[in-house]
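Accompanying notes for the structure given below.
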2 protein chains.
Amino acid sequence: MKELVGSPGTKSGLILRLAQCAFATASIALMVSAAGFSNFTAFCYLIASMGLQVLWSFGLACLDVYALRIKRDLQSPVLVSLFVVGDWVTATLSLAAACSSAGIVVLYSHDLGFCKKHYYPCAKYELSVTFAFITWFLIALSSHLMFWLLASV
Amino acid sequence: MKELVGSPGTKSGLILRLAQCAFATASIALMVSAAGFSNFTAFCYLIASMGLQVLWSFGLACLDVYALRIKRDLQSPVLVSLFVVGDWVTATLSLAAACSSAGIVVLYSHDLGFCKKHYYPCAKYELSVTFAFITWFLIALSSHLMFWLLASV
């Protein structure tokens with residue numbers, strides 16, 4: 001298999017996984033600290049989805065550290081297939097969560113103008129959704145890299 | 001390049017493109033016929049995104065018909081690269097539109113209970129979003145097929 005930037009078991013791969021973890025954690029922290037988030041199913045789903053993302057990315061970051069330490073090659077077809085499926089599932093769930101939350105944020109701030117009237121912490125909701133989109137972008141990057149790696153066997 | 005089910009210039013590919021067109025058109029028709037959709041940015045975005053999907057899938061369906069008629073091979077790396085990018089962009093936009101609309105449908109029907117109180121045509125909104133999700137599933141299938149084709153050159 002080719003050696004690509006961000007592929008598993010490399011330093012760039014580790015940095016990518018840690019960035020995914022960081023942005024997903026920031027998204028969860030902001031959403032949990034915003035009052036009234038539990039009234040919205042989409043916001044609860046965002047937290048669940050970002051939680052899954054943190055678990056997945058952290059697990060793969062640990063695996064990268066392990067591979068870098070003992071200098072083991074992680075690019076076997078079986079392992080890469082597993083990464084492809086996991087990355088694709090978490091990327092789709094992250095995008096779905098970010099978009100459904102964004103739909104509600106736009107509805108409240110733009111369509112209904114509730115953010116000014118009802119004192120919702122819209123700025124926190126918006127920032128949390130933005131971080132969720134950045135997380136999705138990073139995981140989509142990983143996902144495409146893995147798929148490319150797998151297909152170019 | 002390998003001959004895969006659903007690849008461009010084959011009968012299965014044509015059927016896949018026509019199915020994408022049909023579901024996207026059904027989603028637009030249902031949303032446009034539902035009263036009050038224009039008050040929601042997400043629903044307008046759903047219509048725009050499904051419209052783009054119809055244009056893209058219909059264009060490729062025409063190309064498939066042309067290729068089947070004159071028995072031309074459409075699987076050159078340049079063409080497949082173009083299909084990959086187009087499919088990936090429209091798939092992402094479709095999922096984003098379906099999810100943001102689904103977020104609002106869940107908010108109104110489940111979280112706020114507005115569907116019973118305010119006589120919104122929620123059943124139509126729901127069906128339209130369901131069709132949008134089916135469209136996304138079909139275009140995601142195409143997108144992965146194309147990416148696989150491109151990577152296995």
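The values are calculated or read from the model by the stated rules, or taken from the named source; none is laboratory data. Given the structure is predicted, the values throughout are model-derived calculations rather than measurements. Heads up, the Cβs are rebuilt from the backbone with ideal geometry, glycines too, and the neighbour counts pull from every protein chain shown. Each accessible area value is taken on the protein alone, full model and side chains, heavy atoms only, with ligands, DNA and RNA left out. Shrake-Rupley method; radii C 1.70, N 1.55, O 1.52, S 1.80 Å.
Residues are listed down the side, and each one gets a yes or a no for (1) modelled with pLDDT of 90 or more; (2) within 30 Å of residue B:137 (Cβ to Cβ); (3) small (Gly, Ala, Ser):
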{"position": "A:55", "(1), (2), (3)": "yes, yes, no"}
{"position": "A:64", "(1), (2), (3)": "yes, no, no"}
{"position": "A:119", "(1), (2), (3)": "no, no, no"}
{"position": "A:127", "(1), (2), (3)": "yes, no, no"}
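Does residue A:73 meet the test of being in contact (Cβ under 8 Å) with a residue 24 or more places away in the chain, surrounded by 18 or more Cβ atoms within 10 Å (Cβ to Cβ), of a type in the set (Asp, Glu) and more than 16 Å from residue B:101 (Cα to Cα)? Spell out how you get there, then give the answer.
Working: in contact (Cβ under 8 Å) with a residue 24 or more places away in the chain: yes; surrounded by 18 or more Cβ atoms within 10 Å (Cβ to Cβ): no; of a type in the set (Asp, Glu): yes; more than 16 Å from residue B:101 (Cα to Cα): yes.
Answer is no for this residue.
Could you list all residues from region A:98-149 that are over 14 Å from residue A:30 (Cα atoms), of a type in the set (Ser, Thr, Tyr) and either surrounded by fewer than 22 Cβ atoms within 10 Å (Cβ to Cβ) or free of Cβ contacts under 8 Å to residues at least 60 places away in the same chain (or both)?
A:100, A:108, A:109, A:119, A:143
Looking for something of a type in the set (Gly, Ala, Ser), farther than 22 Å from residue A:105 by Cα, out of contact with any strand residue (DSSP E or B) (no Cβ under 7 Å at 6 or more places or on another chain) and touching a residue at least 24 places away in the same chain (Cβ under 8 Å) - is there at least one such residue anywhere in region B:36-48?
From region B:36-48, those of a type in the set (Gly, Ala, Ser) are B:36, B:38, B:42, B:48; that's our starting set.
Restricting the remaining residues to those that are farther than 22 Å from residue A:105 by Cα gives none.
Scanning region B:36-48, I find no residue that is of a type in the set (Gly, Ala, Ser), farther than 22 Å from residue A:105 by Cα, out of contact with any strand residue (DSSP E or B) (no Cβ under 7 Å at 6 or more places or on another chain) and touching a residue at least 24 places away in the same chain (Cβ under 8 Å), so the answer is no.
Scan region B:78-89 and tell me whether some residue there is among the acidic types (Asp, Glu) and open to solvent by less than 20 Å² (accessible area, probe 1.4 Å).
So the first thing to find is which residues in region B:78-89 are among the acidic types (Asp, Glu), and the list is B:87.
Retained after the next criterion (residues that are open to solvent by less than 20 Å² (accessible area, probe 1.4 Å)): B:87.
Within region B:78-89, one or more residues are among the acidic types (Asp, Glu) and open to solvent by less than 20 Å² (accessible area, probe 1.4 Å).
Yes/no per residue for (1) polar (S, T, N, Q); (2) more than 30 Å from residue A:43 (Cα to Cα); (3) out of contact with any His (no Cβ under 8 Å at 6 or more places or on another chain):
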position	(1), (2), (3)
B:14	no, yes, yes
B:34	no, no, yes
B:57	yes, yes, yes
B:66	no, yes, yes
B:97	no, no, yes
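I'd like the full set of residues that are touching a residue at least 24 places away in the same chain (Cβ under 8 Å) and open to solvent by 20 Å² or more (accessible area, probe 1.4 Å), limited to region A:11-29.
Scanning region A:11-29 gives A:11, A:14, A:16, A:18, A:19, A:23, A:25, A:26, A:28.
Enumerate the helices (runs of 4 or more DSSP H) found wholly within region A:1-111, keeping only those where 2 or more residues are within 15 Å of the chain's Cα centre (by Cα) and within 14 Å of another protein chain (Cβ to nearest Cβ). Explain how you work it out, then say what you get.
Details: elements: A:11-33, A:41-70, A:77-106.
Per the criteria, A:41-70, A:77-106.
Which one is nearest to residue A:95 (Cα to Cα) among residues in region A:30-61 that are open to solvent by 40 Å² or more (accessible area, probe 1.4 Å) and hydroxyl-bearing (Ser, Thr, Tyr)?
A:45
With respect to residue A:119, determine if the residue is touching a Phe, Trp or Tyr at 6+ places or on another chain (Cβ under 9 Å), among the aromatic types (Phe, Trp, Tyr) and more than 9 Å from chain B (Cβ to nearest Cβ). Before you say what the answer is, go through the steps one by one.
Working: touching a Phe, Trp or Tyr at 6+ places or on another chain (Cβ under 9 Å): no; among the aromatic types (Phe, Trp, Tyr): yes; more than 9 Å from chain B (Cβ to nearest Cβ): yes.
No, not satisfied.
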